[in-house]
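Taken together, the values in this text are just the output of simple stated rules run on the coordinates, not laboratory data. Remember, predicted model here, so these are calculated numbers, not experimental data. Note that we place each Cβ from the backbone using ideal geometry, even for glycine, and neighbour counts take in every protein chain shown.
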């Protein structure tokens with residue numbers, strides 16, 4: 001048997017289009033992402049102070065962050081940027097301040113709160129012609145009153161025209177109660193933007209964009225049909241991270257089956273083999289596929305009818321088991337002889 005090709009080789013791609021890293025080159029800007037970026041850039045360039053971007057896991061916060069960093073790094077004469085990737089929840093206020101001055105490339109002589117603050121203030125004043133910005137990812141880790149009070153203090157320095165330091169926070173939604181409990185800080189936030197799940201059409205566009213970015217060409221690139229995308233969107237609930245993960249694993253199955261057409265059978269197979277056994281999520285995928293098939297044919301699809309069975313069988317099967325049964329026979333039929341299921 002011939003050696004199995006990787007998805008990149010089989011689909012004649014330059015690289016994996018659904019890599020698990022937040023590569024700015026593969027950032028698909030949805031309408032919501034575009035609006036968020038526009039508002040964040042405006043607040044930064046106008047030096048309005050504090051910006052908070054909230055969202056659940058996998059909604060694109062890290063990719064937006066890297067897009068900002070890339071834009072700032074391309075113009076170092078205009079922007080001075082410090083980045084704290086993931087603050088440690090147990091940090092004291094001084095530990096947080098120490099990290100801030102180090103990220104700006106400063107090295108205060110005496111390790112004291114006063115010395116650090118003076119060093120930072122002097123830096124901001126001497127760089128008042130540049131746009132100085134502190135970006136903090138995973139800001140939900142900042143859950144102590146003293147940490148937010150410190151950030152309020154470092155952001156207080158200003159000229160009559162603008163703030164000398166922007167603060168941009170990327171955080172999970174769980175940070176909201178912390179902000180509400182710190183009104184002195186919360187009232188100084190210039191803008192808060194909450195990222196939500198992406199719509200079905202955006203899901204399809206994101207998949208196609210990533211394949212094109214990876215060098216996908218007609219006739220060799222993978223093709224996700226409409227019902228496959230419906231299934232991906234139903235399972236991911238619009239989370240870009242989950243969409244990317246499902247697509248990456250689906251390409252592996254398709255490459256093993258030696259098919260460039262990716263239908264809902266392959267997506268169901270991927271969900272069954274590569275995700276946690278969550279009956280509710282799998283059930284909503286089954287429902288989405290059944291609705292799509294019914295809409296396409298105008299009749300109750302054979303797969304859905306098979307799932308119904310008689311009352312005894314229906315009562316015995318859990319929603320998860322029904323979803324697994326929707327792995328259609330065509331997947332096994334198209335499997336190369338002698339190969340094992342991925």
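Out of 105, 238, 216, any idea which swings most in a Gaussian network model of the chain, alpha carbons joined below 10 Å?
It is 105.
For region 31-195, what is the relative contact order in percent, using Cα pairs closer than 8 Å and at least 6 residues apart in sequence?
Contact order relative to length: 38 percent.
Between residue 39 and residue 88, what is 0.36 nm times their sequence separation minus the Cα-Cα distance? Round to one decimal in nm.
Here the segment from residue 39 to residue 88 would lengthen by 14.8 nm.
Between residue 6 and residue 225, take the C-beta separation as r, use R0 = 22 Å, and let me know the FRET efficiency to the nearest 0.05.
0.45
Tell me, how many Å apart are the Cα centres for region 89-106 and for region 181-231?
Centre-to-centre (Cα) distance: 33 Å.
Which order results if 57, 28, 235 are arranged by neighbouring Cβ count within 10 Å, fewest first?
Ordered by Cβ neighbours within 10 Å, fewest first: 57, 28, 235.
Specify whether the C-alpha gyration tensor of region 31-195 places it in the rounded, prolate or oblate class, a ≥ b ≥ c being the square roots of the eigenvalues: rounded for a/c under 1.5, otherwise prolate if a/b is larger than b/c and oblate if not.
Oblate, since a/c reaches 1.5 and b/c is not below a/b.
To the nearest 0.05, how large is the calculated FRET efficiency for residue 180 and residue 291 if R₀ is 41 Å and r is the Cβ-Cβ distance?
Working from the Cβ atoms, E equals 0.55.
Considering only DSSP beta bridges where both residues belong to region 31-195, give the percentage that are antiparallel (nearest 5).
Around 5 percent of the beta bridges assigned by DSSP in region 31-195 are antiparallel ones.
As I understand it, the value is the acute angle between the Cα axis of helix 31-45 and the longest principal axis of the Cα atoms of the chain; what does it come to in degrees, rounded to 10?
The angle comes out near 10 degrees.
Starting from the Cα coordinates of region 75-140, work out the convex hull volume and express it per residue in Å³.
84 Å³
Among 180, 260, 230, what is the fewest-to-most ranking by other Cβ atoms within 10 Å?
Ranked by crowding around the Cβ, least crowded first: 180, 260, 230.
For the Cα atoms of the chain, what angle does the longest principal axis make with the long axis of helix 226-236, in degrees from 0 to 90, nearest 10?
Roughly 50 degrees, rounded to the nearest 10.
What is the calculated FRET efficiency for residue 209 to residue 114, with r their C-beta to C-beta distance and R₀ = 56 Å, to the nearest 0.05?
With a Förster radius of 56 Å, E is 0.65.
Taking the chain as a Gaussian network, where each spring joins two C-alpha atoms under 10 Å apart, which residue of 204, 188, 282 fluctuates the most?
Of the options given, 188 has the highest mean-square fluctuation.
Going by alpha carbons, how many degrees (0 to 90, nearest 10) lie between the helix axis of 61-73 and the longest principal axis of the chain?
50 degrees
With the cut-off at 1.5 for a/c, could you classify the chain from its C-alpha gyration tensor as rounded, prolate or oblate?
The shape class here is prolate.
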